[in-house]
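The values are calculated or read from the model by the stated rules, or taken from the named source; none is laboratory data. These numbers were taken from a predicted model, which means no experiment stands behind them. No Cβ is skipped: glycine too gets one built from the backbone with ideal geometry, and neighbour counts run over all protein chains shown.
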Amino acid sequence: MTSLDEISECPECTSVHLIRDYKRAELVCGECGLVITEQLIDEGPEWRAFDSEQNDERARTGAPASYLIHDKGLSTEIGWQNRDFYGRRLPHKSRAQVYRMRKWQHRTKVSNSTERNITVALNELNKLASKMGLPKSVKEAAAVIYRKAAAKSLIRGRSIETVMTASIYAACRQCDLPRSLNEIASVSSMGKKEIGRTYRFLVRKLKISMTPTRPQNYIQRLCSELKLSGETLSMTNDILNKATEYELTSGRGPLGVAAASTYIASVLSNERRTQKEIAEAAGVTEVTIRNRYKELIRELGIDLNLNQ
């Protein structure tokens with residue numbers, strides 16, 4: 001028997017265009033027509049579902065493990081509905097017993113101080129991520145960083161919110177979804193300096209490899225908030241690529257360079273946004289945008305025909 005994952009290309013013509021015929025249990029090359037194997041393993045379930053409700057009812061596995069749950073979702077969960085396995089309502093005599101089981105099961109899920117700490121931290125993570133609109137991948141990465149810090153006792157002497165906020169900042173950078181310290185501090189009760197200090201401490205102690213943030217990582221969000229067209233976005237990216245080639249981005253804040261490039265592109269594409277609008281969207285000052293954009297047009301030879 002042959003598993004689907006064991007074959008990646010045709011042994012005859014080395015083509016990767018393979019057709020899986022589940023009715024005949026054959027794996028066929030789409031280029032030369034060679035029947036590679038006739039004994040495929042059907043890795044799907046033996047039942048069929050025609051809607052999501054049937055799929056949930058017939059599935060015999062639970063939810064996948066998640067770092068966003070303190071026990072990774074591996075513990076038993078007693079539902080709040082007073083119904084048995086067949087969906088029938090429990091008799092009154094059994095409801096009190098199930099209530100006590102549910103209560104003690106909830107208490108024993110968090111058995112020590114470390115688990116209680118992680119539980120509080122994950123609640124804080126969900127709250128901050130909701131305010132910032134972060135995707136699940138970033139939340140998972142932040143939870144992993146915090147768990148590593150908790151395992152090495154790096155949280156002692158620091159508040160849970162400070163370490164979790166720093167973990168979110170590190171996760172955003174890891175996932176190429178950068179958020180500035182000002183943005184994160186605005187949704188947290190922690191100050192910018194404290195978050196930055198804790199972030200550097202975590203990176204050093206956990207030996208997290210961080211690549212420098214590039215201005216290109218910010219332009220998608222900037223153009224979206226300013227409601228600029230795809231042409232302006234592409235032009236902004238071209239300006240940043242030239243600026244990187246001429247080493248005009250080194251030693252300068254990536255958010256300021258991205259904002260200045262967006263301003264230049266908006267003028268060139270006749271979708272001009274004021275420096276104040278761009279500064280508010282980027283979270284930088286107008287002076288920063290003005291200084292960066294003057295450097296860019298001077299070094300790159302761009303003529304904006306503006307009386308600045």
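Taking the stated definitions as given, is ALA121 touching a Phe, Trp or Tyr at 6+ places or on another chain (Cβ under 9 Å), crowded, with 18+ Cβ neighbours inside 10 Å, more than 22 Å from ASP176 (Cβ to Cβ) and in contact (Cβ under 8 Å) with a residue 12 or more places away in the chain?
Values: touching a Phe, Trp or Tyr at 6+ places or on another chain (Cβ under 9 Å): yes; crowded, with 18+ Cβ neighbours inside 10 Å: yes; more than 22 Å from ASP176 (Cβ to Cβ): yes; in contact (Cβ under 8 Å) with a residue 12 or more places away in the chain: yes.
In short, yes.
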Task: Where a residue in the stretch 128-139 is among the polar types (S, T, N, Q) and its partner, wherever it lies, is surrounded by fewer than 11 Cβ atoms within 10 Å (Cβ to Cβ) and not in a helix (DSSP H, G or I), with Cβ under 6 Å and at least six apart - done: none
Open item on the list: Among (1) at pLDDT below 80; (2) closer than 30 Å to ASN126 by Cα, there is one condition TYR99 misses while meeting the rest; what is its number?
Closed with: (1)
Open item on the list: Considering only residues that are under 13 Å from THR198 (Cβ atoms) and of a type in the set (Asp, Glu), which ones fall in the stretch 123-168?
Closed with: GLU161
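Would you pick out the residues in the stretch 133-146 that are surrounded by 18 or more Cβ atoms within 10 Å (Cβ to Cβ) and part of a helix (DSSP H, G or I)? Show your work before the answer.
Looking only at the stretch 133-146, we keep the residues that are surrounded by 18 or more Cβ atoms within 10 Å (Cβ to Cβ), and these are 134, 138-139, 141-143, 145-146.
Across the stretch 133-146, the qualifying residues are VAL138, LYS139, ALA141, ALA142, ALA143, ILE145, TYR146.
Condition check: of a type in the set (D, E, K, R), in contact (Cβ under 8 Å) with a residue 24 or more places away in the chain and outside any loop (DSSP other than H, G, I, E, B). Does GLU280 satisfy that? Break it down stepwise before answering.
Numbers: of a type in the set (D, E, K, R): yes; in contact (Cβ under 8 Å) with a residue 24 or more places away in the chain: no; outside any loop (DSSP other than H, G, I, E, B): yes.
When the stated conditions are applied, GLU280 does not pass them.
Residues checked against (1) at pLDDT below 90; (2) part of a loop (DSSP other than H, G, I, E, B):
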position	(1), (2)
GLU115	yes, no
ILE118	yes, no
ASN123	no, no
LEU154	no, yes
GLY157	yes, yes
TODO: Could you figure out which of (1) within 30 Å of ARG156 (Cβ to Cβ); (2) among the acidic types (Asp, Glu); (3) outside the structural domain of GLU124 (by TED's automatic domain parsing) isn't true of GLU286?
DONE: (1)
TODO: With the checklist (1) modelled with pLDDT under 80; (2) not in a loop (DSSP other than H, G, I, E, B) in hand, flag the one item ILE36 doesn't pass.
DONE: (1)
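Being touching a helix residue (DSSP H, G or I) at 6+ places or on another chain (Cβ under 9 Å) and more than 30 Å from LEU304 (Cα to Cα) narrows it down to one residue among TYR263, TYR199; which is it? Spell out how you get there, then give the answer.
Details: TYR263 fails: more than 30 Å from LEU304 (Cα to Cα).
Just one listed residue meets the conditions, TYR199.
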Open item on the list: For the stretch 116-136, which positions are more than 13 Å from THR162 (Cα to Cα) and of a type in the set (Gly, Ala, Ser)?
Closed with: ALA129, SER130, GLY133
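Do you know which residues across the stretch 181-221 are small (Gly, Ala, Ser) and touching a residue at least 40 places away in the same chain (Cβ under 8 Å)?
If we filter the stretch 181-221 for residues that are small (Gly, Ala, Ser), which is where we start, we get 185-186, 188-189, 191, 196, 209.
Listed by number, the list holds a single entry, SER188.
Of the residues that make up the stretch 29-47, is at least one among the acidic types (Asp, Glu), closer than 19 Å to ILE7 by Cα and either surrounded by 13 or more Cβ atoms within 10 Å (Cβ to Cβ) or in contact with a Ser or Thr (Cβ under 6 Å, 6 or more places away or on another chain) (or both)? Full working, then the answer.
Step one: list which residues in the stretch 29-47 are among the acidic types (Asp, Glu), which gives 31, 38, 42-43, 46.
Still in the running and closer than 19 Å to ILE7 by Cα: 31, 38, 42-43.
Still in the list and also either surrounded by 13 or more Cβ atoms within 10 Å (Cβ to Cβ) or in contact with a Ser or Thr (Cβ under 6 Å, 6 or more places away or on another chain) (or both): 31.
The answer is yes, given that some residue of the stretch 29-47 is among the acidic types (Asp, Glu), closer than 19 Å to ILE7 by Cα and either surrounded by 13 or more Cβ atoms within 10 Å (Cβ to Cβ) or in contact with a Ser or Thr (Cβ under 6 Å, 6 or more places away or on another chain) (or both).
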